[in-house]
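The values are calculated or read from the model by the stated rules, or taken from the named source; none is laboratory data. Source: prediction; values computed, not measured. Cβ: placed from backbone, ideal geometry, glycine included. Neighbour counts: every protein chain shown. Each accessible area value is taken on the protein alone, full model and side chains, heavy atoms only, with ligands, DNA and RNA left out. Shrake-Rupley method; radii C 1.70, N 1.55, O 1.52, S 1.80 Å.
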Amino acid sequence: MKHLFGIAQLSREQIEYLVNLGASFVELSRRSVKKAPTLRGKTIINLFFENSTRTRTSFELAGKRLSADVINISASTSATKKGESLLDTGETLAAMQPHVLVIRHAIAGTCEFLADYLPDTSIVNAGDGAHEHPTQILTDLLTLKQTWDSPQGKVITIVGDIAHSRVARSHLLAAQKLGYSVRVVAPKTLLPLAIERFGCEVYHDFDAAIPGSDVLYMLRMQTERMTSSCCFPSIREYHEAYGLNRRRLDMAGKDCVVMHPGPMNRGVEITSDVADSARSHILDQVECGVAVRMAVLTALCGGGQTEPVRRSRKREQAEAAMKAQGKLL
Amino acid sequence: MMDVLIHGGRVIDPANGLDGIANVMIKDGCIAAVGEGKHKAGTEIDASGLIVCPGLVDMHVHLREPGQEWKEDVESGSKAAVAGGVTSMCCMPNTTPRLDHAGVIRQVIERAGEIGLCNVHPIAAVTKNLDGKELTEMRELAHAGAVAFSDDGMPVWHGGIMRKALEYASSFGFLIIQHAEDLQLTQDGCVNEGWISTQLGVEGMPAEGEDDMVARDIMLTRLVDARYHVAHISSKGAVELVRRARNEGLKISAEAAPHHFALTEEEVLGFNTDAKMNPPLRTEEDRQAVIEGLSDGTIEIIATDHAPHHEDDKRCGLSCAAFGIVGLETMLPVSLGLVRDGMLSLPDLLAKMTSNPAKLLNLDTGTLSHDAVADVCIFDPEATWRLDRNKLFSKSKNTPWHDKAMTGKVTHTIKGGRIVFEHGTIHA
């Protein structure tokens, strides 16, 4: 695997491999000395154009626990809104020869776009607009692996701002590959057109979607991605219709668990008593997030062996052109 | 000026209902004769196996001059045009400054005259600065050479202003061309809204945003008895609305761009910014509806919406890339696909690129009639070639057909009796 752009590119076997590899790293993070030499000598750059606490920290810790050198860069989205300077930023960092660039950006497709121009760098998508967020889904699957043998046949009910959610899209893709079902629950203003073509069940009534669910997966309202303010009339009404509270949790089966990719807005999509209840796996998700990202980084840059120094393709092209013109012998 | 004899070709002149093997004799820059006769001429072109037709007319081009000459200018646009067999084109007013003053209109026409490759007929703005608020001085602009009025790139979105524009323009017989887009519905969209935009996680532009604007404009056209033309029609709904309005006898016409009848929204999968344009590529159902509209005559005109953009504006994420593709050099081969697929006869297709737009805009071209100015396109309908974006004459290389196989190639373009393009070479 050279890049991780999204769940779309992964086979069922690759997903299972990454989740299983992640499981083996959970234990490492619980030791008092949380360090393995796997990625010694590797350089990882976390390039975040959008705010993030858990994903970025999680990638950083994942790299550091595997002994890689990790650099974090927070680029303000406004200064790099145009693609050209995004490309410049990418090329500049790639010229410093990192092994992996972990990228989060508000524009869908950023990783695929940059990969075309950075042939020698592995790129990991840490969330691109409303497109994909593959490591979150691997995280969720690892979290659930501790409860279930297999996600096959399970029902994950995703509630809230599906329209602007990369997590929802990646889950819908993973569900098709791994054989679990997804129910999406939202008013139409928060659902993209044709969402049912992912093979999910669509609900507008949260209560109706609860029975039979194995996971109630709550989403945050992505107000930063909303182009109009009228996706819902008020937080009060939203909470009333789509918030997960004790009453709704009691409607679910006793084995049904609660998840949230974070950050949570208590009192909006989830009440505190539910978020803090024993059925909430939200903090387990955070723990598994580090382990799964260790697995992804390991899969991308492999063991500890050093490779020959790579030269940039651009440089090689330039030299070839100069040779052709007789300027360089 | 040397006389030209084009002999042995299949001559198709839709304006005169002519289709057959004939010789075309050009004298003093005008068509002297089309028939079996053969006179000696200074230049002779053997057109056996080739099609000889009037020079193509593209009524929807962005030449970017003045103001964005790094993308295109009148000279590079003219070269691209004649390389595509186009001898007359209409340029849209969204330049800097806008084509909303007589001086700018005259400047563009003058530039085109100096270059002398292709006739350029400016389309002036409907509203000053394309702001959608105050009407331009349409009579003066028409006197300066504007052949129609449009705020293209932007719709005339305000219903009241559109009504006034239609009323005022039609008082003098002028045509209003609408970029039909309800901006409140399309918002920040960058591709067609539907399954593709949902998979990519980008904002979409629903076809209904085109339909509702066309529907409103049809009502206004009926109300005030005006002439109205839909630019780059792309949705099934809009085609149906135009069909009904024409059946009703309203003076409504429409043009389709080759990309809208040759490609679908699937081209943007993989975040392909060279497949991003406005209106966006739509579904297969919409594409078929556009083809049906072309084939039943609802859509009388094919025009490119040639929209050059620098690679800096395309080499970025899909949602921030510029809208538009270049089209002058691919119009003919792409459109010939309709003939190969049996959707249109070759004469009917050529009418949509010659006599029909000429008639709509009252241009003195688009025909091989006796004494008409000798604007001629000669092409090989069977020649196959591969498009290399780096070989385009346009300054911009934003095409979705890069490295794609093309069938049909322009061999000669003659403007006013002078050969301006010949087997890949421009004669400036």
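Meeting the requirement of 1 or more residues that are farther than 25 Å from A:Lys177 by Cβ, within 11 Å of another protein chain (Cβ to nearest Cβ) and without any contact (Cβ under 8 Å) to a residue 24 or more places away in the chain, the helices (runs of 4 or more DSSP H) wholly within region A:56-165 are A:83-95, A:110-117. When B:Asp305 is tested against the conditions (1) within 14 Å of chain A (Cβ to nearest Cβ); (2) modelled with pLDDT of 95 or more, the lone failure is (1). Residue-level check: of (1) open to solvent by 30 Å² or more (accessible area, probe 1.4 Å); (2) in a helix (DSSP H, G or I); (3) in contact with a strand residue (DSSP E or B) (Cβ under 7 Å, 6 or more places away or on another chain), B:His121 misses just (2). Just to be sure before I move on: is B:His260 away from every other protein chain (no Cβ under 13 Å), open to solvent by less than 20 Å² (accessible area, probe 1.4 Å) and within 22 Å of B:Met162 (Cβ to Cβ) in the structure I sent? So B:His260 does not fit the description; no. Only residues that are open to solvent by 60 Å² or more (accessible area, probe 1.4 Å) and either of a type in the set (Phe, Trp, Tyr) or more than 21 Å from A:Ile107 (Cβ to Cβ) (or both) were counted in region A:55-80, giving 5. Only a single criterion out of (1) out of contact with any helix residue (DSSP H, G or I) (no Cβ under 7 Å at 6 or more places or on another chain); (2) within 14 Å of chain B (Cβ to nearest Cβ); (3) at positive phi is not satisfied by A:Glu196, namely (3). Just to be sure, is B:Ile26 of a type in the set (Val, Ile, Thr) and in contact (Cβ under 8 Å) with a residue 40 or more places away in the chain? Yes, satisfied. The number of residues in region A:103-155 being among the charged types (D, E, K, R), under 15 Å from A:Ala291 (Cα atoms) and surrounded by fewer than 24 Cβ atoms within 10 Å (Cβ to Cβ) comes to 1. Restricting attention to region B:179-221, the residues that are in a helix (DSSP H, G or I), more than 24 Å from the chain's Cα centre (by Cα) and of a type in the set (S, T, N, Q) add up to 4.
So is B:Leu350 of a type in the set (A, V, I, L, M, F, W, C), more than 30 Å from B:Ile26 (Cβ to Cβ) and either assigned to a helix (DSSP H, G or I) or modelled with pLDDT of 95 or more (or both) or not? No, not satisfied. Being of a type in the set (A, V, I, L, M, F, W, C), open to solvent by less than 20 Å² (accessible area, probe 1.4 Å), assigned to a loop (DSSP other than H, G, I, E, B) and over 24 Å from B:Ser76 (Cα atoms): is that true of B:Leu344 here? The answer is yes for B:Leu344. For region A:231-266, which positions are out of contact with any helix residue (DSSP H, G or I) (no Cβ under 7 Å at 6 or more places or on another chain) and assigned to a loop (DSSP other than H, G, I, E, B)? Correct list: A:Pro233, A:Ser234, A:Gly243, A:Ala252, A:Gly253, A:Lys254, A:Asp255, A:Cys256, A:Pro263, A:Asn265. The number of residues in region B:353-396 that are open to solvent by 20 Å² or more (accessible area, probe 1.4 Å), of a type outside the set (Gly, Ala, Ser) and assigned to a strand (DSSP E or B) comes to 7.
With respect to B:Pro280, determine if the residue is open to solvent by less than 10 Å² (accessible area, probe 1.4 Å), in a loop (DSSP other than H, G, I, E, B) and within 14 Å of another protein chain (Cβ to nearest Cβ). Judged against the criteria, B:Pro280 is a match.
Conditions (1) open to solvent by less than 10 Å² (accessible area, probe 1.4 Å); (2) within 14 Å of chain A (Cβ to nearest Cβ); (3) of a type in the set (A, V, I, L, M, F, W, C), marked per residue:
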position: B:Gln178; (1), (2), (3): yes, no, no
position: B:Leu185; (1), (2), (3): no, yes, yes
position: B:Val191; (1), (2), (3): yes, yes, yes
position: B:Met219; (1), (2), (3): no, no, yes
position: B:Val224; (1), (2), (3): no, no, yes
position: B:Tyr228; (1), (2), (3): yes, no, no
position: B:His232; (1), (2), (3): yes, no, no
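From B:Val82, B:Val74, grab the single residue that is buried (at least 24 other Cβ atoms within 10 Å of the Cβ), farther than 27 Å from B:Glu382 by Cβ and not assigned by TED's automatic domain parsing to the domain that holds B:Arg389. Among B:Val82, B:Val74, only B:Val74 is buried (at least 24 other Cβ atoms within 10 Å of the Cβ), farther than 27 Å from B:Glu382 by Cβ and not assigned by TED's automatic domain parsing to the domain that holds B:Arg389. Do we have B:Gly160 as modelled with pLDDT of 95 or more, assigned to a loop (DSSP other than H, G, I, E, B) and either open to solvent by less than 50 Å² (accessible area, probe 1.4 Å) or assigned by TED's automatic domain parsing to the domain that holds B:Asn278 (or both) here? In short, no. A search for C-beta distances below 8 Å between a residue of region A:179-207 that is in the same structural domain as A:Glu237 (by TED's automatic domain parsing) and any residue that is open to solvent by 60 Å² or more (accessible area, probe 1.4 Å) and of a type in the set (D, E, K, R), counting only pairs 6+ apart in sequence or on different chains, returns A:Ser181/A:Glu201; A:Val182/A:Glu201; A:Arg183/A:Glu201; A:Val184/A:Glu201; A:Val185/A:Asp205; A:Leu193/B:Glu193; A:Val202/A:Glu196; A:His204/A:Lys188. Name the single residue that is nearest to B:Thr186 (Cα to Cα) among those in region A:172-205 being over 18 Å from the mean Cα position of the chain (by Cα) and assigned to a helix (DSSP H, G or I). Out of the qualifying residues, it is A:Thr189.
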